Amino acid sequence: MQAIVKEKRAPGLSVKSVPKPTPGKGEVLIAVRHAGVCGTDLHIADWDPWAQGRIKPPIVVGHEFAGEIQGLGEGVTGLRIGQLVTAEGHIVCGHCLQCRTGNSHICKNTRIIGVDRDGAFAEYIVMPTTNVLTLSGIPTEVGAIMDPMGNAFHTVLTAEIPGSTVFVVGCGPIGCFAVGIARAAGATKVIASDVNPKRLALAEKMGANVVINAAKEDVVRTVITETDGEGADVVCEMSGVPSALHQAFASVRLGGRVQLLGIPKGDVPINFADEIIFKGITLYGVIGRRMYQTWHQMRRFLIGGQFDPRPVITHKFPLAKIEEALSVIRSGDAGKVILEIV
C-alpha cells in the first residue's frame with residue numbers, strides 16, 4: 001500500500017510503498033478515506049527537537065482519520081465489514097491508576113498512532129476495536145477531524161457554558177472549533193482573538209460574536225468592555241503564546257475558569273499571586289479527549305446538527321501531495337487541511 005513515512009532521523013517525509021497491515025486478535029483493518037494533517041505532523045516532517053526526542057523512524061505518520069472497515073481480526077464482535085468509522089488515536093493500557101479511575105486520556109502508558117506506532121497517512125491502518133467508533137451517518141471528511149475537534153470539545157465542555165461569556169484565545173483550527181462548540185452549547189457571547197485576519201474570519205464563520213486582532217487591538221480592554229467590566233466567565237487558551245496566556249489570565253473574571261490547551265514552546269513566567277490566586281480562578285489542563293465521554297458528546301452534536309466543523313476545512317490534497325499540504329499549514333493561510341486517500 002502507499003503511505004507517508006518518516007524514513008530517517010532527518011527533515012522530510014517520503015511517499016512510498018509499504019506492506020499492508022493485517023489485523024490481529026481484537027483488531028480491525030480500516031481502509032482510510034480521509035486523514036487530517038496537523039501541527040504534530042509538521043513537527044515530525046521538520047524534525048524539530050520534540051520529534052528528535054520522540055519519533056523512532058521508520059514509521060508511518062498521521063493520527064487523524066476516518067474510513068471503512070475492511071477486515072476483522074480474531075474475536076472481534078460488534079463491528080462489521082463495510083462500516084464507516086473513525087478512531088481514538090491514543091492507545092491506552094487499561095490497567096494503570098488513571099485508566100481505572102476514568103482518566104484514561106492521561107494514561108501514563110499511552111501510545112499514539114503516527115507517533116509511537118504506525119499511523120493513518122496510508123491506504124490502510126489496523127486499530128484495536130476498543131478505539132474504533134462508528135460514524136453513524138457522519139461523513140468521513142468530518143470523521144477524519146474528530147480527533148482535533150475532540151480536543152476542542154474537551155476544552156469547552158468541561159466548563160459551564162450555557163449563559164456564559166466565553167473568550168477563545170487563538171483561532172487555529174482547534175480554536176475555531178471551540179468557537180462553534182461554545183455557541184452550540186449555549187454561550188451568551190463568544191469572543192475570539194488572533195493575530196491572523198484569515199483565522200479571525202474563520203472564527204466569525206464559526207459564530208464568534210466579537211473578534212479581536214491581537215496585533216492591532218488591546219485584547220484585555222476589549223474583553224473587559226464586552227463583558228460589562230467583569231471579564232469572561234470562561235477563557236479557552238488555545239495558542240500557547242506567552243503573551244496570550246497572560247491575556248487569558250487578565251481577561252477572565254474573578255472566580256472564572258481558564259481552560260489551557262495551547263502548549264508553550266518553553267517556560268512561561270507567571271505571577272501566581274496576581275494572575276491566579278488573588279483572582280480565585282480555576283485552571284484546567286486539557287490533553288486529548290476524555291475516553292469516551294468526549295467522543296459521545298461530539299457524535300451527538302454532529303448528528304443532531306448543532307455543530308458543523310466544515311467551514312474550518314480550507315484545503316484538501318491527495319496522499320502524494322503531503323508536502324503541499326504542509327506548506328499551506330506553514331504559510332498560516334490554512335484552516336484545517338485534509339488528505340483524500342481512498
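The values are calculated or read from the model by the stated rules, or taken from the named source; none is laboratory data. This one's a predicted model, so the numbers in the text were calculated from it and none came from an experiment. Reconstructed Cβ throughout: ideal geometry from the backbone, glycine too, with neighbour counts over all protein chains shown. With ligands, DNA and RNA removed, areas are computed over all heavy atoms of the protein, side chains included. Shrake-Rupley method; radii C 1.70, N 1.55, O 1.52, S 1.80 Å.
Note on Lys20 and Asp218: their simple-model spin labels are 6.4 nm apart, each label 7 Å out from Cα toward Cβ. Using the Cβ-Cβ distance between His296 and Ala10 with R0 set to 41 Å, the FRET efficiency from 1/(1 + (r/R0)^6) comes to roughly 0.50. When only the Cβ of Lys, Arg, Asp and Glu is charged (+1, +1, -1, -1), the dipole of the chain relative to its Cα centre reaches about 660 debye.
What is the extension gain from Lys205 to Asn103, computed as 0.36 nm multiplied by their sequence separation minus the C-alpha to C-alpha distance, in nm to one decimal?
Working: separation 102, 0.36 × 102 = 36.72 nm, distance 3.36 nm.
Fully extending the segment from Lys205 to Asn103 adds 33.4 nm.
Between the residues Asn271, Val337, Phe167, the greatest Cα displacement towards the positive end of the dipole of the chain, with unit charges on the Cβ of Lys, Arg, Asp and Glu, is found for Val337.
Close amide H pairs (under 5 Å, H built 1.01 Å from N) link Ala187 with Gly163, residues at least 5 positions away or on another chain. Measuring between alpha carbons in the structure, the pairs from Lys198/Lys336; Lys205/Lys265; Lys108/Lys321; Lys189/Lys265 lying more than 23 angstrom apart are Lys205/Lys265; Lys108/Lys321; Lys189/Lys265. Close amide H contacts of Gly71 (hydrogens built in the peptide plane, cut-off under 5 Å, sequence separation of 5 or more or a different chain): Leu29. Computed from label points 7 Å out along Cα-Cβ, the spacing between Cys93 and Thr188 is 4.6 nm. Taking a ≥ b ≥ c as the square roots of the eigenvalues of the alpha-carbon gyration tensor, the range 198-342 is classed prolate because a/c is 1.5 or more and a/b outweighs b/c. Applying the criteria of a DSSP loop state and at most 10 other Cβ atoms within 10 Å to the trypsin sites (Lys or Arg not before Pro) of the range 151-247 yields Lys216.
I'd like the per residue volume of the convex hull spanned by the Cα atoms of the chain, given in cubic angstrom. Walk me through the numbers on the way to the answer.
Details: hull volume 44.6 nm³, N = 342.
Spread over its residues, the Cα hull of the chain gives 130 Å³ apiece.
Close amide H partners of Val235, meaning residues 5 or more places away or on another chain with modelled amide H under 5 Å apart, are Phe167, Arg257, Val258, Gln259.
Calculate for the chain the 222 nm mean residue ellipticity that helices alone would give, adding -39,500 (n - 2.57) per DSSP H run of length 4 or more and normalising by residue count, nearest 500 deg cm²/dmol. Value at 222 nm, helices only: -7500 deg cm²/dmol.
A Cα-only calculation for the range 255-333 places Rg and Dmax at 18.6, 53 Å. Sequentially through the range 166-183, phi angles give Karplus couplings (6.51, -1.76, 1.60; θ = phi - 60°) of 10, 10, 9, 9, x, 10, x, x, 5, x, 5, 4, 4, 4, x, 5, 4, 5 Hz, Gly and Pro residues having no value and appearing as x.
Accessible surface for the chain, divided over its residues, is 43 Å² per residue with a 1.4 Å probe.
The range 225-289: which trypsin sites (Lys or Arg not before Pro) are DSSP loop and have at most 11 other beta-carbon atoms within 10 angstrom?
Values: sites: Arg253, Arg257, Lys265, Lys279, Arg289; in loops: Lys265, Lys279, Arg289.
In loop regions of the range 225-289 (DSSP not H, G, I, E or B), the sparsely surrounded trypsin sites (Lys or Arg not before Pro) are Lys265.
Rolling a 1.4 angstrom probe over the chain with all protein chains present gives an accessible area of which 51% lies on carbon and sulfur atoms.
Basic side chains Lys and Arg get +1 at the Cβ, acidic Asp and Glu get -1 at the Cβ, and with that the dipole of the range 85-236 about its Cα centre reaches some 220 debye.
Placing +1 on each Lys and Arg Cβ and -1 on each Asp and Glu Cβ, with no other charges, gives the range 259-313 a dipole about its Cα centre of roughly 400 debye. Mind pulling the angle between the C-alpha long axis of helix 293-304 and the longest principal axis of the chain? Nearest 10 degrees, somewhere in 0 to 90. That helix lies at roughly 90 degrees to the long axis. Between Met1 and Asp116, the contour length at 0.36 nm per residue exceeds the alpha carbon distance by 39.4 nm. Give me the Debye-computed log₁₀ of I(q)/I(0) at q = 0.14, 0.18 Å⁻¹ for the range 89-243, equal point scatterers on Cα only, no solvent, two decimals. Values returned for q = 0.14, 0.18 Å⁻¹ are -0.81, -1.08. Karplus-based coupling profile of the range 219-224, in residue order and whole Hz: 4, 5, 4, 5, 4, 4, with θ = phi - 60° in 6.51 cos²θ - 1.76 cosθ + 1.60 and x standing for Gly or Pro.
Within the range 54-157, report the GluC sites (Glu not before Pro) that DSSP leaves as loop and that have at most 10 other Cβ atoms within 10 Å.
Numbers: sites: Glu64, Glu68, Glu74, Glu88, Glu123, Glu141; in loops: Glu74, Glu88, Glu123.
Answer by residue number: Glu74.
Computed from backbone phi with θ = phi - 60° and the Karplus coefficients 6.51, -1.76 and 1.60, the 3J(HN,Hα) list for the range 100-112 is 7, 10, x, 10, 5, 5, 10, 4, 6, 10, 4, 10, 9 Hz; x is used for glycine and proline.
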